[in-house]
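The values are calculated or read from the model by the stated rules, or taken from the named source; none is laboratory data. This structure is a prediction, so every number in the text was calculated from the model and none was measured. Please note: Cβ atoms are built from the backbone with ideal geometry, for glycine as well, and neighbour counts cover all protein chains shown.
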Amino acid sequence: MRAQFVLSEIGVGLRRNLTMTFAVIVSVALSLALFGGSLLMSDQVNTMKGYWYDKVNVSIFLCNKSDAESDPNCAKGAVTDDQKKQIKADLDKMDVVQKVTYESQDQAYKHYKEQFGDSPLASSLTPDQMQESYRIKLKDPQKYQVIATAFDGRDGVQSVQDQKGILDNLFGLLNGMNWAARAVMALMLVVALMLIVNTVRVSAFSRRRETGIMRLVGASGFYIQAPFIMEAAVAGLIGGTLACAFLLIARYFIIDHGLALSEKLNLINFIGWDAVLTKLPLILATSLLMPALAAFFALRKYLKV
Amino acid sequence: MIRFDNVSKVYPKQTRPALRDVSLEVEKGEFVFLVGSSGSGKSTFLRLILREERCSHGQVHVLGKDLARLSNWKVPQMRRQLGTVFQDFRLLPNKTVGENVAFAQEVIGKSRGEIRKSVPQVLDLVGLGGKEDRMPGELSGGEQQRVAIARAFVNRPKLLIADEPTGNLDPQTSVGIMKLLDRINRTGTTVVMATHDQNIVDQMRKRVIELEKGRLVRDQARGVYGYQH
């Protein structure tokens, strides 16, 4: 099979159905941009969750030396070893507690570094500025209040935090957006597939004379189908490339510039370029294979070989 | 070359068979006319040879192969050894004469060098030397049919199937086409031609096979068209 012959056939086919090709490109681009966006949103949520989010329900933060100076809860000074032992012993006695983990200042520093990496705030921190803490997994996450009443205000305890309570609303919102994006994506995907099937059908119909002649002179099935499949793949790939460009531009304008969320919300850790870049091959491969497969199955129906 | 053994063909959703119990053999190098009124089964007969359809009963052998046992993906291979010519020429209107002929070779993966050599050659053979760059629409019907014959013959098929090749042409042009087919036949290519053209059949004096309502009613060496219709 000669490549040049096939390529020219593809060009002719795409131009003949210009409006339809355009529709395919746009719908593929939109659905895959949403697909990538939804993947990135999950990444963003995971980045924000940090080390403890999925592992514990409640955290008891203990006073450190700098808290002792600044925080009224810690007016009696940094936590002592006796206080720590007492807290641990009390926790172990409680029925609602499933598991208690102690996090030292060094560990806290390490986890913080892992999450926030090279941000300016992280690089100025030292381990002794971190708080020691007890991380508690509850048998019933709703029983947060039991821990709060027992330990809030106790000497050496800076605060008791319902870990999920703080972030759940935000994650709920992000999750909701994620599902909405997926729903729209699924819809766009169906639209894209139907457009491809229809494009292939129109294309096969408008070229039935050629394909009929090709059959008569003994062209193989693959040879007859290849231009149609490659047409769909090329249109899809253009759409996929647009989707990739869209994602890159979106990250640029939402996080770094334009909206510049990374400056306005500098306590939140945002996904980096690597997160975006690793999604691109997947998007490009999908944009190539999905239309090609759709075309292949459409041809089985509309193009007799 | 072609052998039909008790072949019947019933199309789906139809009760009357298009072909009933047809048995015949066509030898290598023969020239065979296939005659019969419309709906007599001529087209079905040709479609079975090209394996555009499969027979319902019996066996069809073409070029030594049992078409019922030929798997789908081998059909193109088989068709490359056949040439086909139709009443409506079936040329690609947006390709030049030369490109139309070359198409048959591109499709089976011939090299550009081979194509460049064989296309002018075969166009010379059909009497269209030098008209390579013309568009089919600029040619007369007879010339267009010659292009179609050139395309059918460019791969040197062993068997040429012609479905009313002169059906759209005036008598004089038809004679020219028949001379061309006769010449191709003399190179050793077997020709099977369905036709309604009484004069041609009577003049050529070749083997005549007549179908009527799907049955083989006459198989005559050096025959004539037959009854007045």
Quick one: which helices (runs of 4 or more DSSP H) sit completely within segment A:67-129 and have at least 2 residues that are closer than 19 Å to residue A:146 by Cα? A:81-93
For segment B:65-84, which residues satisfy the criterion of being more than 10 Å from every other protein chain (Cβ to nearest Cβ) and either aliphatic (A, V, I, L, M) or touching a residue at least 60 places away in the same chain (Cβ under 8 Å) (or both)? B:67, B:68, B:70
Within segment B:159-174, is there a residue that is in contact (Cβ under 8 Å) with a residue 24 or more places away in the chain, within 14 Å of chain A (Cβ to nearest Cβ), within 24 Å of residue B:114 (Cα to Cα) and of a type outside the set (Phe, Trp, Tyr)? yes
Residues within segment B:206-229 that are assigned to a loop (DSSP other than H, G, I, E, B) and at pLDDT 90 or above, tallied: 3
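Every residue, every condition in (1) assigned to a helix (DSSP H, G or I); (2) surrounded by fewer than 18 Cβ atoms within 10 Å (Cβ to Cβ); (3) among the hydrophobic types (A, V, I, L, M, F, W, C); (4) in contact with a Leu (Cβ under 6 Å, 6 or more places away or on another chain), yes or no:
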{"residue": "A:180", "(1), (2), (3), (4)": "yes, yes, yes, no"}
{"residue": "A:185", "(1), (2), (3), (4)": "yes, no, yes, yes"}
{"residue": "A:204", "(1), (2), (3), (4)": "yes, no, yes, yes"}
{"residue": "A:225", "(1), (2), (3), (4)": "yes, no, no, yes"}
{"residue": "A:245", "(1), (2), (3), (4)": "yes, yes, yes, no"}
{"residue": "A:249", "(1), (2), (3), (4)": "yes, yes, yes, no"}
Take the residues of segment A:283-296 that are free of Cβ contacts under 8 Å to residues at least 60 places away in the same chain and more than 13 Å from residue A:230 (Cα to Cα): which is nearest to the other protein chains (Cβ to nearest Cβ)? A:285
Which residues, taken from segment A:102-118, are in contact with a Phe, Trp or Tyr (Cβ under 7 Å, 6 or more places away or on another chain) and either modelled with pLDDT of 80 or more or within 16 Å of residue A:64 (Cα to Cα) (or both)? A:102, A:111
Is there a residue in segment B:42-53 that is modelled with pLDDT of 90 or more, away from chain A (no Cβ under 14 Å) and part of a strand (DSSP E or B)? no
Could you tell me how many of the residues in segment A:10-25 are of a type outside the set (S, T, N, Q) and either buried (at least 18 other Cβ atoms within 10 Å of the Cβ) or not assigned by TED's automatic domain parsing to the domain that holds residue A:232 (or both)? 7
Within segment A:136-156, the residues that are surrounded by fewer than 21 Cβ atoms within 10 Å (Cβ to Cβ) and either touching a Gly at 6+ places or on another chain (Cβ under 8 Å) or assigned to a strand (DSSP E or B) (or both) are A:137, A:138, A:144
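For segment A:183-195, indicate whether the set of residues that are within 14 Å of chain B (Cβ to nearest Cβ) and at pLDDT below 85 is non-empty. Step through it out loud before you land on a result.
Of the residues in segment A:183-195, the ones within 14 Å of chain B (Cβ to nearest Cβ) are none.
There is no residue in segment A:183-195 that is within 14 Å of chain B (Cβ to nearest Cβ) and at pLDDT below 85.
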